[in-house]
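Asks: Here's a structure for you.
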Amino acid sequence: MKTKPWQVVALSTLCFIQAVHLISVVASKVAVKSNPAAVKAQAELGLASGGGASDVEAVYEHLGTSQFVWSLLAVVTFMFGFLLYRGEFLPAIRLTGSIFFAVGIVGQIAVAIPRATAIDTVLDETTAQLLTLGLTALLFAGFISLFFGKSAHWVKEHPDGK
């Protein structure tokens, strides 16, 4: 088999799409953080992790932490896509990717459950969270598919992409 199976190519493309989506999430956080009026407005609307009244400093802290976490996730997801595209370290990538995206699904569900019971505000990000969860679940299924069928055979024959 000289060509890559379609699962590897599709999974690499999905990783790039997820990375771009995560970068857009980071960009939105940067845009809000760079505008003091927007930060003050979010504080007035009640952006707080503990459910209590939030202040401007809590909003800045939330945005900073969110930027860091989403940036890290975007970089790791991009690297998975790049390594899949190049065909490098395929046995390790399929195992690490499966674990990474399984933990991502569990983490996103754990964050979504308390927010589902919270009072809706203008700051509700349910649609974006569902999109991220759906893409993460699709990526998890894609990495699991690399353990079965023709793609598993190809990974076994080409562990370093050659």
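No lab work stands behind these numbers, since they all come straight from the coordinates. Keep in mind that what you see is a predicted model, and the values were worked out from it rather than measured.
Asks: Once you order the gyration tensor axes a ≥ b ≥ c over the Cα atoms, which shape class does region 1-45 get: rounded for a/c under 1.5, otherwise prolate or oblate by comparing a/b with b/c?
Replies: The shape class here is prolate.
Asks: What residues qualify as long-range amide H neighbours of D55, i.e. H under 5 Å apart, gap of 5 or more or another chain, H built at 1.01 Å from N?
Replies: So D55 has HN proximity to no qualifying residue.
Asks: Region 63-77 to region 1-20: how many Å between their Cα centroids?
Replies: 22 Å
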